[in-house]
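Each remark here refers to the structure printed beneath this line.
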Amino acid sequence: MSIVKRFIAGAVCPRCGEMDCIRTYRDDEKEYKECVRCDYEDSMRLDGGADVEELETRVNRDNAPQIEEDAQPLLFTPNPGRQRKDH
């Protein structure tokens, strides 16, 4: 089976900024986009899955700090003695 590459009308390359130079094609697993004027390439899985593993951050870490059950939020009120100046 030969791969058919099609141009996307009106598409602008995110790298070089040229219009009408992005073409797309797909195989069984991914859809690809490439620019014919520069070396820009992008791909996306057809099943919606991630191409790479998610980087570990403080948000998705398993050992996130635990909040105490009876913890109360801190409420900050503005200082009434200080005047606010709008610039």
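The values are calculated or read from the model by the stated rules, or taken from the named source; none is laboratory data. Just so it is clear, the structure is predicted and the values come from calculations on it, not from any experiment. A quick note on method: Cβ atoms are made from the backbone with ideal geometry, for glycine too, and the neighbour counts reach across all protein chains shown.
Among the conditions (1) touching a Gly at 6+ places or on another chain (Cβ under 8 Å); (2) modelled with pLDDT under 85, Asp20 misses just one, which is (2). Flag: Arg61 does not match the condition of being charged (D, E, K, R) and modelled with pLDDT of 90 or more. I want to confirm something. Restricting to the range 9-34 and keeping residues that are outside any loop (DSSP other than H, G, I, E, B) and of a type outside the set (Lys, Arg), which single residue is surrounded by the most Cβ atoms within 10 Å (Cβ to Cβ)? So the residue we want is Ile22. The selection criterion, being assigned to a loop (DSSP other than H, G, I, E, B), modelled with pLDDT under 85 and out of contact with any helix residue (DSSP H, G or I) (no Cβ under 6 Å at 6 or more places or on another chain), does not hold for Glu69.
Quick check on the range 39-50. Is at least one of its residues among the aliphatic types (A, V, I, L, M), in a loop (DSSP other than H, G, I, E, B) and in contact (Cβ under 8 Å) with a residue 12 or more places away in the chain? Before you say what the answer is, go through the steps one by one.
Just the residues of the range 39-50 that are among the aliphatic types (A, V, I, L, M), to begin with: 44, 46, 50.
After this cut, where a residue has to be in a loop (DSSP other than H, G, I, E, B) as well, the list is 46, 50.
From what's left, in contact (Cβ under 8 Å) with a residue 12 or more places away in the chain: 46.
Checking the range 39-50: at least one residue is among the aliphatic types (A, V, I, L, M), in a loop (DSSP other than H, G, I, E, B) and in contact (Cβ under 8 Å) with a residue 12 or more places away in the chain.
Here's the yes/no breakdown for (1) among the acidic types (Asp, Glu); (2) out of contact with any Leu (no Cβ under 9 Å at 6 or more places or on another chain); (3) more than 18 Å from Ile3 (Cβ to Cβ):
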position	(1), (2), (3)
Glu29	yes, no, no
Cys38	no, yes, yes
Ser43	no, yes, no
Asp47	yes, yes, yes
Asp62	yes, yes, yes
